[in-house]
1. For the range 270-283, state whether one or more residues are closer than 29 Å to residue 541 by Cα, over 35 Å from the mean Cα position of the chain (by Cα) and touching a residue at least 40 places away in the same chain (Cβ under 8 Å).
2. Given (1) closer than 23 Å to residue 62 by Cα; (2) in a loop (DSSP other than H, G, I, E, B); (3) not small (Gly, Ala, Ser), identify the lone condition not met by residue 126.
3. For the structure I just gave you, tell me whether residue 50 is open to solvent by less than 60 Å² (accessible area, probe 1.4 Å), among the hydrophobic types (A, V, I, L, M, F, W, C) and within 21 Å of residue 207 (Cβ to Cβ).
4. Going residue by residue through the range 124-139, is there one that turns out to be farther than 20 Å from residue 69 by Cα and among the polar types (S, T, N, Q)?
5. How many residues does the range 99-127 hold that are out of contact with any strand residue (DSSP E or B) (no Cβ under 7 Å at 6 or more places or on another chain) and surrounded by 14 or more Cβ atoms within 10 Å (Cβ to Cβ)?
6. Got a number for residues in the range 81-97 being touching a residue at least 40 places away in the same chain (Cβ under 8 Å), under 20 Å from residue 374 (Cβ atoms) and in contact with a Gly (Cβ under 8 Å, 6 or more places away or on another chain)?
7. Within the range 1-43, which residues are of a type in the set (D, E, K, R) and either closer than 21 Å to residue 206 by Cα or open to solvent by less than 40 Å² (accessible area, probe 1.4 Å) (or both)?
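The values are calculated or read from the model by the stated rules, or taken from the named source; none is laboratory data. Every value quoted in this text rests on a predicted model; they were computed, and no experiment measured them. We place every Cβ from the backbone using ideal geometry, glycine too, and count neighbours over all the protein chains shown. Accessible surface areas use protein heavy atoms only, side chains included; no ligands, DNA or RNA. Shrake-Rupley method; radii C 1.70, N 1.55, O 1.52, S 1.80 Å.
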Amino acid sequence: FSTWMEGEPLDVGALLRTSAGKPRMTIFSIAHLSEAERMFFVTLLLSEVLAWIRAQPGTNSLRALLYMDEVFGFFPPVAEPPSKKPMLTLLKQARAYGLGVVLTTQNPVDLDYKGLSNTGTWFLGRLQTERDKERVLEGLEGVAATAGGGFNRAKMEQTLAGLQSRLFLLHSVHEDEPVVFQTRWAMSYLRGPMTRQQIKTLMDPRRPAATSAAAKKAAMTATASAAAAAQPMTTPPEVPVVYLPVRGSAPSGASLHYQPVILGAARLGFSDSKTRVDVTRPLVALTPITDEAVPVAWERGRLVELAVDDLEKTPAAGASFGSLPGAASKPKSFAAWNKDFGAWLYASQKLELLRSPGTMQISQPGESERDFRARLSQGGRESRDAELDKLKAKYGPKLQTLEDRKRRAVAAKEKQADQVKDAALQTAISVGATLLGALGGRKLVSSSTVGRAATAARGASRSMREQQDVGRAQETIESIDQQIAAVNAEFEAKAAELQGAGDPTAEPLETLSIKPKKADIAVQLVVLAWTPHWRDAQGNLTPAYGS
């Protein structure tokens, strides 16, 4: 299991964005793992994603995508592997937090029916077996029933049966009807699945430079300069003493050893009316004790993640202790160090916040640049989506009115065209009858012949007028088409303007610093603290109390 405790932590926020807040895509390859290890990792990752989304505010805009290729075996219809429960939970709940889940498989019959019913958007290619087709139809029918819409099973079955290579069916609960589309042709130079060595070659330049063994040793260990004692040096009762808790287990062949430092704990208040910040933060600092003229200088200290309530009154059994400098055994020294600690806090500590020049939003206390930029990006996306909805609400009725006018104009044109055909036919019949009567009669010109000729002429004139009406109807259609194109162009331009708004992940952020007032600095304690270390056979010390 120790292998899974190494490497990058499964911090979903860090997987989605760099420390500077830039969006990133993280790919996990599990091809080299055994079946049990694959299941372990997928379950672990899905659980981390589930925990992450529940810490996010709800949104209707897309925040991130979780894509899993070849989901076969991790989400079966009957069996209950560990990965199934978090996967089903994500399919049911993730959309409320802005997380999209994309799953791919070649065998729909191997997927859980409940999961299929919670899938709102489907991309379906040619199905190989009747079982797959039936499972897909059952899932689509369940989706339609959940969404409260109708489902034409026979039509859908006919459409699926007619899909050819590179043709896909898009079925979405947000669309009125399914859409068949063809994927575009693309040339790919990818060689296929990558080996572990190829992945290593690809990733080595992206990993942070490995610290040399010597640098690690210098940074993480210290050599005990004095002989170890079985018990700490006795100090006067007036000298406050605490012991830091031991974290983790001892390395092979290592023993526990305590070293003395001075520990200071305080609570700092930061308030600012302009930024509306009012927060109190705990702080714990450790600083070494030296034999110099000024044995304790807080400037040499460092902050640690430690709660005052975690400090212990007694050491761990079987530990050895380093030597204690004489200044640390004098009660008067602690009064001076307490005063110096407060002065150092006032001079050095500040609360730094980030501000977006574009939106004038300010980060929350303790919010990293990555999380702040993610929040800005999500807020910008939600605002953009809201503005797009307003645009659609504004231009939708206009387009609908124009479409209705076009339909009426097309219907009128078709009606006029039919009348032209009828009039032309009647005119032709009338002219033909007149000519036959004139040629077959005794007189070429008679009153009846003239009457029929006049009637035929009127018919021809009426046919010409109706032909002109058809032309005017066509002009009306073309005019409406131009209006539709103009409205669409105007909508697209304004939508593009919204899409092209400034990217909060790229803009430089301003830094605001808030210093605490002296009255808002409450020193809780300044004490002698024994810090636990693991000491190896060579006498090197490694901290055993965390960071």
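1. Checked the range 270-283: no residue is closer than 29 Å to residue 541 by Cα, over 35 Å from the mean Cα position of the chain (by Cα) and touching a residue at least 40 places away in the same chain (Cβ under 8 Å).
2. Here residue 126 meets the rest and fails (1).
3. On the way: open to solvent by less than 60 Å² (accessible area, probe 1.4 Å): yes; among the hydrophobic types (A, V, I, L, M, F, W, C): yes; within 21 Å of residue 207 (Cβ to Cβ): no.
Spelling it out, it is not the case that residue 50 is open to solvent by less than 60 Å² (accessible area, probe 1.4 Å), among the hydrophobic types (A, V, I, L, M, F, W, C) and within 21 Å of residue 207 (Cβ to Cβ).
4. yes
5. Matching residues across the range 99-127 total 15.
6. 2
7. Going residue by residue through the range 1-43, those that are of a type in the set (D, E, K, R) are 6, 8, 11, 17, 22, 24, 35, 37-38.
If the condition is that a residue be of a type in the set (D, E, K, R) and either closer than 21 Å to residue 206 by Cα or open to solvent by less than 40 Å² (accessible area, probe 1.4 Å) (or both), then 6, 8, 11, 17, 22, 24 are the ones that fit.
Rundown of residues vs (1) touching a helix residue (DSSP H, G or I) at 6+ places or on another chain (Cβ under 8 Å); (2) open to solvent by 50 Å² or more (accessible area, probe 1.4 Å); (3) more than 28 Å from residue 534 (Cα to Cα), yes/no style:
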{"site": "269", "(1), (2), (3)": "yes, no, yes"}
{"site": "300", "(1), (2), (3)": "no, yes, no"}
{"site": "307", "(1), (2), (3)": "no, no, no"}
{"site": "320", "(1), (2), (3)": "no, no, no"}
{"site": "340", "(1), (2), (3)": "yes, yes, yes"}
{"site": "343", "(1), (2), (3)": "no, yes, yes"}
